[in-house]
Amino acid sequence: MLNPRFGLSFEDLYSIAGLARIDAAFASHLGEAESALRARLDAARADPASLGRLGESELLIALAPHVEDFLAELFAIEPEVATLQAAQRELAPLFACKRQVVQRKALNRYKADVAGGFDGAALRDELEHKLGVALQGIPGELAYARQVGEWGRDEAAHADDIELALRYAAWAVQTPEGKSLHKAGVLFKAPRKLDFLRLIPVEHEQRHGVDMWRMPADHLRRREGFALTDPGTDLAGGLDQANYCIWCHEQQKDSCSSGMPEKKPVEGSTAPFKKSPFGVILAGCPLDEKISEFHKLRAEGWALGALAMICVDNPLVAATGHRICNDCMKACIYQKQDPVDIPQAETRVLKDVLALPWGFEIYSLLTRWNPLNLRRPLPLAPTGKRVLVVGTGPAGFTLAHHLLNDGHTVVGIDGVSLRWASASPTLRSATSAHYASRSTIASWRASAESPSMGSPFVGTRTFSS
Ligand code: SF4
């Protein structure tokens, strides 16, 4: 249940008047914590354009931790949110060590040809003896990161220990044996240089006198309908990507979001976007999602704040992210090495929030009320207009969402087999054999038009034809 301290009811999550009460509760919560920030929020809502892009990013980043605190308190889940924050903090030494020790020191000191000559097993034995734990998985990598951090406090006294750690890191990152041992971790990895003609590994074989190239068996992922072909990354993997990002919004160069311009535009014109070596236009995220900003929040340990940031531009993140599109990655500032894996990082944020008690309600709430959305923090009043959205792919369902929040009643239709619907008992019954009868369509239309569904929360209705 919602925390009674706010005097709100669960039904408030699902009505415009209730959401306005939630917004007011947030404003006073913010005012109590930081009155100057509350004043900045009020001014920004009155005139969002006056902030400029960087000013808006800075304001939203300052607000996001307050959104996280408020949501934790609103849903009375402070202990669970604190546990998630602590789990993120706990992993922080990994990313500092990766940047400062593994990538800057070890890989600069020992190139691949030298590291290939090291006796990795012997180095590992000696290191494990000093660490007192197996150098395996995230716990082993964390022990390494913490211990190297300790040794670094007195480098002169621990010169031999540090040398051992650097040699091991160089071996682990650059040799096939080391890579295989640390495949599941994050510490002993470096971004690959991109060779656009060899983006994926292939193996050659000859069958019946014919040359063939195929993916290595451990790389093959067979697609079944709309299901994901991999389980997605874990918390350490998501944080690894957020820390790999260099938060380009601070220089207003976040090409993942706004695209990679060819050259500076002539005043009054728009610069064309660069193209990838395959001729793909590097226009960045089609939704202009605040990617750099959510990475910064995530790296600083604010999962709920990061999700609020994502939801400003991409409220249907549950359907995009790791599942659909990677235009953002293609336009990442890293063009010559692995780009930041934004979809994985984004989906991990969502999964971590969904795993909290009331996680679904929190995500759902942020798609209707979002204080980081300066232009439309709340749904608008019903307009009485009804809109038919034809085609409920990512563009269609995102459009439908915005139309709903703009106060219109929306009916969505789609002409393809909605295989994913079979996972949902409600939709399964309505889309048996992936085809909906005219009566089903009529009943959806009736429900969309009924007075009880006449609010902006009708939701889209999808069906096959
Ligand atoms: S994802 Fe890439 S382009 Fe975007 S902010 Fe991070 S490093 Fe920069």
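How far is helix 16-33 tilted, in degrees, relative to the longest principal axis of the Cα atoms in the chain, given as a value from 0 to 90 rounded to the nearest 10?
Long axis of 16-33 versus the principal axis of the chain: about 50 degrees.
Among rounded, prolate and oblate, which fits segment 202-360 when a ≥ b ≥ c are the square roots of the eigenvalues of its C-alpha gyration tensor, a/c under 1.5 means rounded, and a/b larger than b/c means prolate?
Here segment 202-360 falls in the oblate category.
For F10 paired with D42, estimate the spin-label separation in nm (one decimal), with each label point 7 Å from Cα along the Cα-to-Cβ line.
Once both label points are built, they end up 3.5 nm from each other.
Which of the chymotrypsin sites (Phe, Trp or Tyr not before Pro) found in segment 247-339 are in a DSSP loop and have at most 11 neighbouring Cβ atoms, other than their own, within 10 Å?
Passing both the DSSP loop test and the Cβ count: F278.
I'd like the trypsin sites (Lys or Arg not before Pro) in segment 287-346 restricted to DSSP loop residues with at most 13 other Cβ atoms within 10 Å, sorted by number.
Here the trypsin sites (Lys or Arg not before Pro) that fit, given the DSSP loop and packing criteria, are K336.
Dipole magnitude of the chain about its Cα centre, charges +1 at Lys/Arg Cβ and -1 at Asp/Glu Cβ only, in debye to the nearest 20?
1520
Would you compute, from DSSP H runs of 4+ residues alone, the mean residue ellipticity of the chain at 222 nm, taking -39500 (n - 2.57) per run and dividing by the full residue count, rounded to the nearest 500?
-14000 deg cm²/dmol
What shape does the chain take by its C-alpha gyration tensor, where a ≥ b ≥ c are the square roots of the eigenvalues and a/c under 1.5 counts as rounded, a/b above b/c as prolate, and the rest as oblate?
prolate
In segment 243-296, which GluC sites (Glu not before Pro) are in a loop and have at most 14 other Cβ atoms within 10 Å, using DSSP for the loop call?
E262, E267
Residue-wise, which Karplus ³J(HN,Hα) couplings in Hz belong to segment 254-261, taking 6.51 cos²θ - 1.76 cosθ + 1.60, θ = phi - 60°, and x for glycine or proline?
7, 5, 4, 8, 9, x, 10, x
Which whole-number percent is the relative contact order of segment 84-181 (Cα, under 8 Å, 6+ apart)?
Normalised by residue count, the contact order of segment 84-181 is 40 percent.
Taking R0 as 25 Å, what FRET efficiency do you get between S28 and A318 from their Cβ-Cβ distance, rounded to the nearest 0.05?
Here the calculated transfer efficiency is 0.25.
Suppose a student asked you for the relative contact order of segment 190-335, using Cα pairs under 8 Å spaced at least 6 residues apart; what percent would you report?
22
What's the angle, to the nearest 10 degrees (0 to 90), between helix 438-449's Cα axis and the longest principal axis of the chain?
With both axes taken from Cα atoms, the answer is about 80 degrees.
Report the full-extension gain for the segment A76 to L354: residue separation times 0.36 nm, less the Cα-Cα distance, to one decimal in nm.
Length difference between fully extended and current span is 98.6 nm.
Calculate the dipole size of segment 174-235 relative to its Cα centre from +1 charges on Lys and Arg beta carbons and -1 charges on Asp and Glu beta carbons; express the result in debye to the nearest 20.
140
Would you work out the relative contact order for the chain, in percent, from Cα pairs under 8 angstrom that are 6 or more residues apart?
Over the chain, the number comes to 13 percent.
For the residue pair K264 and A184, what label-to-label distance in nm results when each label sits 7 Å from Cα along the Cα-to-beta-carbon direction?
Between K264 and A184, the simple spin-label model gives 5.1 nm.
Please give the FRET efficiency for Y334 paired with A62, using the beta carbon to beta carbon distance and R0 = 45 Å, rounded to the nearest 0.05.
Computed FRET efficiency for Y334 and A62 comes out at 0.95.
Name the residue from C285, N3, A43 whose Cα lies farthest towards the positive end of the charge dipole of the chain, charges +1 on Cβ of Lys and Arg and -1 on Cβ of Asp and Glu.
The Cα lying farthest towards the positive end belongs to C285.
Straight distance only, please: which lysines reach the Cα of K179 with their own Cα at less than 19 Å, same-chain residues fewer than 8 apart left out?
Those lysines meeting the cut-off are K98, K105, K111, K189, K193.
Roughly what % antiparallel, to the nearest 5, for the DSSP beta bridges in the chain?
Rounded to the nearest five, the antiparallel share is 60 percent.
Using the alpha-carbon atoms, what tilt in degrees (0 to 90, nearest 10) does helix 159-174 show relative to the longest principal axis of the chain?
Long axis of 159-174 versus the principal axis of the chain: about 60 degrees.
Where a number appears in this text, it was derived from the coordinates with a stated rule and is not lab data. Small disclaimer: the values here were computed from a predicted structure and weren't measured. Every residue, glycine among them, receives a Cβ derived from its backbone with ideal geometry; neighbour counts consider all protein chains shown.
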